[in-house]
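Report on the following structure.
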Amino acid sequence: MNETWIKEAYQAGLPEDFHGGVKWQSPSNIALVKYWGKKGVQLPQNPSVSFTLSQCRTETAIFYEKSDRFGLHFRFDGREQPAFQKKISDFLLAQAAFFPFIQQLDFHITSHNTFPHSSGIASSASSMSALVLCLLDIERMAKGESEIDLKKASYFSRLASGSACRSLFPKMALWGACKAVPGSSDEYAVSLQDRIAPVFQTYHDSILLVSDAQKAVSSRAGHALMETNPYASTRYAVANDNTLALLEALRTGDLAAFMHIVESEAMQLHALMMCSDPSFVLMKPNTLKIIEALKEFRSETDIPVCFTLDAGPNVHLLYPDADAEIVERFIMDELERYCVGGQWIADRVGEGASRC
Ligand code: PMV
């Protein structure tokens, strides 16, 4: 990695009265080609491609003041959260080699998710990318620079939580070196906004909440299980092929190819977990009922709606805006009954992270 920000940390001491506040929002994202398996320091075994969401976001504010040592006061939704405070503290201190000013600041961090905490929606992508953007904004002010570098924000978001590196960019992102996209890298994500047909810019993601239980297996443990998974090398080869095929479908607007690859990726992610040792079944009976009902609806109507799954039982329905009315009617009439408390989140492709 050649970037100057990796080679030369900003070492200057902070002025005695250095203090202020920054606030960023960053969205969650849903992977279409899945990242499952890592190597080295948070590097992916294969490229991944995601839609950036808009409704499921974290908003994080940091007030900071010069101090003789690092200090952290963290509140989530107005309350202390010791487990999350530790995760943030560990991350910030681990980055002090790159951001020495961390050791000279007292941080007061408040954070809030726009989606229910118990919804099973991965919040580490949105929360860790929002945190990193705040950190880079503080550095920007210390250096007197005008803007922060999104590539750098993606790099440090990756170190905080792999898939977080994809959340920053409008519409879609690719994380992982891929020969079809010059400038793509295992170390940070890049925007795909200019490489996708207009229809994909309009996509909806209706997130059907099948369960609100905590994840049965953390993604850290899940990635580690790939090290002994007998199908790992085949999976990485297929994921590379799927990335290239998906990029082509995104470019040409080929919805049939898009749906085929996206659903195959969702099933592969869950199949990998089922044949890990120990194995996990993360789908619930209602996950399968939704998938069956969706397939029937699609064959009857020819509406280009498909599903994907994250590492859990919830189902993401993906479809173009032109079909939103009929798909949402189908969700309300046929699928809400499979959702916990009838809940689903009407999300759609969004604009990425921003100051707020
Ligand atoms: O970023 P992590 O370590 O939480 O892993 C994310 C893994 C998946 O959500 C299952 C897939 C992905 O690419 O987002």
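Near residue 143, which lysines are there with a Cα under 19 Å away, not counting those fewer than 8 places off in the same chain? Partners found: 7, 23, 66, 151, 152. Hydrophobic long helices, here whole DSSP H runs in the chain with Kyte-Doolittle means of at least -1.0 and Cα atoms spread over 27 Å or more along the helix axis, are found at 124-143, 232-252, 255-274. The order of the peptides 96-106, 128-138, 46-56 by mean Cβ neighbours within 10 Å, most packed first, is 128-138, 46-56, 96-106. The alpha carbon centroids of the stretch 234-281 and the stretch 1-49 are separated by 26 Å.
Calculated mean residue ellipticity, 222 nm, the chain: -11000 deg cm²/dmol, from DSSP H runs (n ≥ 4) at -39500 (n - 2.57) each, averaged per residue and rounded to 500. Average accessible surface for the chain: 43 Å² per residue, computed with a 1.4 Å probe over protein heavy atoms with every protein chain in place.
Which percent of the Cα-Cα distances in the stretch 106-187 go past 19 Å? Intermediate values should be presented prior to the final figure.
Numbers: 1504 of 3321 pairs.
Here the tail beyond 19 Å accounts for 45 percent of pairs.
Per residue, the Cα convex hull of the chain amounts to 133 Å³.
Ignoring ligands, DNA and RNA, what percent of the 1.4 Å accessible area of the stretch 251-332 is carbon and sulfur? Kindly include the intermediate steps, with their values, before the conclusion.
Details: 1970 of 3700 Å².
C and S fraction of accessible area: 53 percent.
Excluding residue 56 itself, calculate the net charge of residues whose Cβ lies under 13 Å from the Cβ of residue 56, where each Lys or Arg counts +1 and each Asp or Glu counts -1.
Combined, the nearby Lys, Arg, Asp and Glu give -2.
A simple packing score, the average count of other Cβ atoms within 10 Å per residue, orders the peptides 19-28, 207-216 as 19-28, 207-216, with the highest score first.
Rounded if a/c is under 1.5, else prolate if a/b is larger than b/c, else oblate: which is the stretch 213-281, with a ≥ b ≥ c the root eigenvalues of its Cα gyration tensor? List each step's numbers first, then the result.
Details: a/c = 2.86, a/b = 1.90, b/c = 1.50.
Because a/c hits 1.5 or more and a/b exceeds b/c, the stretch 213-281 counts as prolate.
Element breakdown for the stretch 101-158 at a 1.4 angstrom probe: carbon and sulfur atoms account for 50% of the accessible area. Remark: the stretch 186-318 projects, on average over all directions, an area of 9.0 nm² (convex hull of Cα atoms).
A full extension of the chain between residue 227 and residue 301 corresponds to an added length of 22.4 nm, given 0.36 nm per residue minus the alpha carbon distance.
Of the trypsin sites (Lys or Arg not before Pro) in the stretch 58-130, the ones in a loop by DSSP (not H, G, I, E or B) with at most 11 other beta carbons within 10 Å are 69. Partner lysines whose Cα lies under 25 Å from the Cα of residue 295, excluding those fewer than 8 positions away in the same chain, are identified as 34, 284.
The values are calculated or read from the model by the stated rules, or taken from the named source; none is laboratory data. As the structure is a prediction and not an experimental result, all values here were calculated from the model. Cβ sites come from the backbone with ideal geometry, for glycine too, and all protein chains shown count toward neighbours. Heads up: the accessible areas ignore ligands, DNA and RNA and are worked out on the full protein's heavy atoms, side chains in. Shrake-Rupley method; radii C 1.70, N 1.55, O 1.52, S 1.80 Å.
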